[in-house]
Amino acid sequence: MPSTIKPCVRFLTLVCIVTMLAAVVPAETQSLETLLAYMKSPNVGTRRDAARKLGERRVRNQLAIEALATAVTKDENHSVREDAVNSLGLIKDFSALPEMLDSLKDIEPGVRGVGVRSLVALYTEHDIEFITNRRSGWNLFNPLLDTSDHEIIEPYILVDPKIIAALGEVARDDQDHDVRVSAIRALGVLRAGGAIPQLNEALTADQDVRIEVLRAFIKIGDPAAGPHLVQFFTDSDRKVRTQAMVAAGLLKYRPAVEPLIAAYRLGPEKKGSLKKVTDKVKGRFTYLPPRDEAALWALSLLGDDRAEQVFAENITNGDDDRRQQAIEGLARIDKPQYLDQISQLILKEDNSEVKLADHWALYRMGAAQHLIYIVRKLDTDQKDQARGYLLESNPVDLYSHVYSSSKEIRQGVIEVLGRIGDAETVKELEPVVRTSSPSTADAATVAIKRIEWRMAGRPRASDDVMSRPRRAANP
């Protein structure tokens, strides 16, 4: 081999070795300068790897942010652009927000989808993978949500209006179905009430998009979405119809009561074979009730006096679900005259979920001693149902249970109090922080801060560390 070629071969070999090593070296062991240089490599794989590792470092370095922002808007390879915008979401520096918003207009759907998720990641990374995943069923107790989309930001978190506006445009106008759905889900996670008009316009799309919009309305939690729901109570698609009715109930949209009663009086659908699918998989169900039951369900969630007769008609129904919904409806309208009747029914009830609803109704009607039956279920496979009822209870009635001997019960009650409590609740929880085990003290701290920050309208990073003795005295 000629001597002039050998140095060239050695050089190329060295470049290959360095590139291979870069692929396996952890981000924290590579210098910032090296990663910045790799961002300019002619090798797509090297640029992608560098973009990912700059995000893994999660360091708000302006040079790194500028390199990633430049890649988002200028790199010719869409995979590099995806990795770059994803890393900007991990770093969480709003100086790159213009470039992140620009990613929503990228020619490649993959970049736009990652851009949507990265904007959400600026506020939360907990359980947000569902944003760009396909759904896989409904939850029986909470049918509004997918089996894996749990996250909604706290109500006191303020999202930049530019993000809401941009995601609203994608939800309404994007030509790619998956990107559009991702934006709709993102708006739900971010409680984007400002995007309700754009989401309403998206309701003209196909069935899947309509269902996603209805679920987003539920997550946003603003009754202002209510007027957009009623028209779908008679939709030809059962999933859309059920979702719209349940959404009206959960949003407590009172003008929907009469249309729901009318839907209930129509009875079940006349055409086709109706069935309720209840395939249990790890505690999850697919659940599609007939029209009249869906209306009963929604009315139960609303808990309006105008539906009292509907509830009374169903408390002895042979169908377990209808009995439960009727009992819950009576519980919410707080009619003590049904106390004796339900006290008799509970003695004969053999369905555990209906029986728990009976206990809740009796508690709501003034028989406070029935609350303990609900609290105890926090330590069972009925904990989700019990938690839902406790979220509608009086915080004062729960205070004594924060000292339960059961870890699951005391921490479950503390979590609920963080959702529904007030300034008096904070005073009740402060001794729990000082005297309980580390895990219970942590749960109480989160609950206290959730209450305080909700009342203040924003988180306060300057709050003092909560004090406690060196060694805890209670569980």
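The values are calculated or read from the model by the stated rules, or taken from the named source; none is laboratory data. Because the structure is a prediction, the values reported are computed rather than measured. Don't worry about glycine lacking a Cβ; one is built from the backbone with ideal geometry, like all the others, and counts go over all protein chains shown. Keep in mind that these areas ignore ligands, DNA and RNA; they rest on the heavy atoms of the full protein, side chains included. Shrake-Rupley method; radii C 1.70, N 1.55, O 1.52, S 1.80 Å.
Here are a few things to note about the model shown:
- Filtered residues of region 45-85 (kept if assigned to a helix (DSSP H, G or I) and open to solvent by 50 Å² or more (accessible area, probe 1.4 Å)): ARG48, ARG52, GLU56, ARG57, GLN62, LEU63, GLU66, THR70, THR73, LYS74, HIS78
- Checking each residue in region 222-238 for being within 17 Å of GLY267 (Cα to Cα) and open to solvent by 10 Å² or more (accessible area, probe 1.4 Å) picks out PHE232, THR234, ASP235, SER236, ASP237, ARG238.
- Taken together, LEU398, LEU391 contain a single residue that is of a type outside the set (Phe, Trp, Tyr) and open to solvent by less than 20 Å² (accessible area, probe 1.4 Å), which is LEU398.
- In this structure, LYS105 does satisfy being surrounded by fewer than 21 Cβ atoms within 10 Å (Cβ to Cβ), modelled with pLDDT of 95 or more, more than 30 Å from GLY457 (Cα to Cα) and not small (Gly, Ala, Ser).
- Taken as a whole, the condition of being of a type in the set (Lys, Arg), touching a residue at least 40 places away in the same chain (Cβ under 8 Å), within 26 Å of LYS252 (Cβ to Cβ) and assigned to a helix (DSSP H, G or I) does not apply to ARG323.
- In region 401-412, residue nearest to LEU339 (Cα to Cα) [restricted to those that are part of a helix (DSSP H, G or I), touching a residue at least 60 places away in the same chain (Cβ under 8 Å) and open to solvent by 20 Å² or more (accessible area, probe 1.4 Å)]: TYR403
- Once region 239-272 is narrowed to residues that are among the basic types (Lys, Arg) and more than 24 Å from GLY193 (Cβ to Cβ), the residue that is least open to solvent (accessible area, probe 1.4 Å) is ARG241.
- If you go through region 172-192 and pick out every residue that is open to solvent by less than 10 Å² (accessible area, probe 1.4 Å), assigned to a loop (DSSP other than H, G, I, E, B) and of a type outside the set (Gly, Ala, Ser), you end up with 1.
- Of all residues in region 152-171, those satisfying the criterion of being under 18 Å from VAL213 (Cα atoms) and either crowded, with 21+ Cβ neighbours inside 10 Å or at pLDDT 95 or above (or both) are ILE163, ILE164, ALA165, ALA166, LEU167, GLY168, GLU169, VAL170, ALA171.
- Between ILE163, ILE153, ILE220, the distinction of being touching a Gly at 6+ places or on another chain (Cβ under 8 Å) and within 30 Å of ALA461 (Cα to Cα) belongs to ILE220 only.
- Taken as a whole, the structure places ALA202 among residues that are in contact with a Lys or Arg (Cβ under 8 Å, 6 or more places away or on another chain) and buried (at least 21 other Cβ atoms within 10 Å of the Cβ).
- The single condition among (1) open to solvent by less than 40 Å² (accessible area, probe 1.4 Å); (2) outside any helix (DSSP H, G or I); (3) farther than 30 Å from ILE342 by Cβ that LYS449 does not satisfy is (2).
Results for (1) open to solvent by 40 Å² or more (accessible area, probe 1.4 Å); (2) more than 13 Å from THR316 (Cβ to Cβ); (3) under 28 Å from the mean Cα position of the chain (by Cα), shown as yes or no for each residue.
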position	(1), (2), (3)
ILE342	no, no, no
ILE346	no, no, no
GLU353	yes, yes, yes
ALA357	no, yes, yes
TRP360	no, yes, yes
ALA368	yes, yes, no
VAL375	no, yes, yes
ASP379	yes, yes, yes
LYS383	yes, yes, yes
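- In region 15-44, of all residues being surrounded by 15 or more Cβ atoms within 10 Å (Cβ to Cβ) and among the small types (Gly, Ala, Ser), the one that is modelled with the highest pLDDT corresponds to SER41.
- Selection status of ARG215, under 20 Å from PRO289 (Cα atoms) and in contact with a strand residue (DSSP E or B) (Cβ under 9 Å, 6 or more places away or on another chain): yes
- Candidates ALA69, ALA96: the one that is in contact with a Pro (Cβ under 9 Å, 6 or more places away or on another chain) and modelled with pLDDT of 95 or more is ALA69.
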